[in-house]
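Report on the following structure.
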């Protein structure tokens, strides 16, 4: 299944924001589900493989861009969404000031690097 490239800047922006929010919300909901199943200190590590798998699926099946550099912008927006929503809905709303640990920093790094890596793959490796 190949995604269609959004035709307007508005559609491109909405596609970027929509999938960034969906991916963040997926991890947020998994956090509530796993909270009862996994020790609190391992929560992020338990969620991460699922988050990576779903993010890769979205990048390969739902995201299409005209140029590889557009994936850099996607990475920036998705990372900003993750950082802002984590702060608002986990640190502030759930009063979790000790949220920021190694797993969260790796999650932010992956949120930034996965779109760039997939964009590079789509335009430089797969295109050959």
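Laid out as a table, the results:
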item	result
Per-pair calculated FRET efficiency, R0 = 30 Å: residue 60 and residue 36 via Cβ, rounded to 0.05	0.40
Spread of Cα-to-Cα distances over 10 Å intervals beginning at zero, given as percent, for the chain	12, 44, 29, 13, 2
Extension gain from residue 69 to residue 95, taking 0.36 nm per residue of separation minus the Cα-Cα distance	5.6 nm
For the chain, built as a Gaussian network whose Cα springs stay under 10 Å, the top-fluctuating residue of 55, 117, 79	117
The range 90-123-the range 16-80 distance, computed between alpha-carbon centres (Å)	8
Overall Cα dimensions of the range 75-128 - principal axes, largest extent first, Å	49, 19, 11
Packing-based ranking, highest mean first, of 91-102, 26-37 given that Cβ atoms within 10 Å are counted	26-37, 91-102
The range 1-89, relative contact order [Cα under 8 Å, separation at least 6], %	49
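Values in this text are rule-based calculations from the coordinates and carry no lab data. On a predicted model such as this, the values are computed, not experimentally measured, just so you know. Here Cβ is always computed from backbone atoms with ideal geometry, including for glycine, and neighbour counts include all displayed protein chains.
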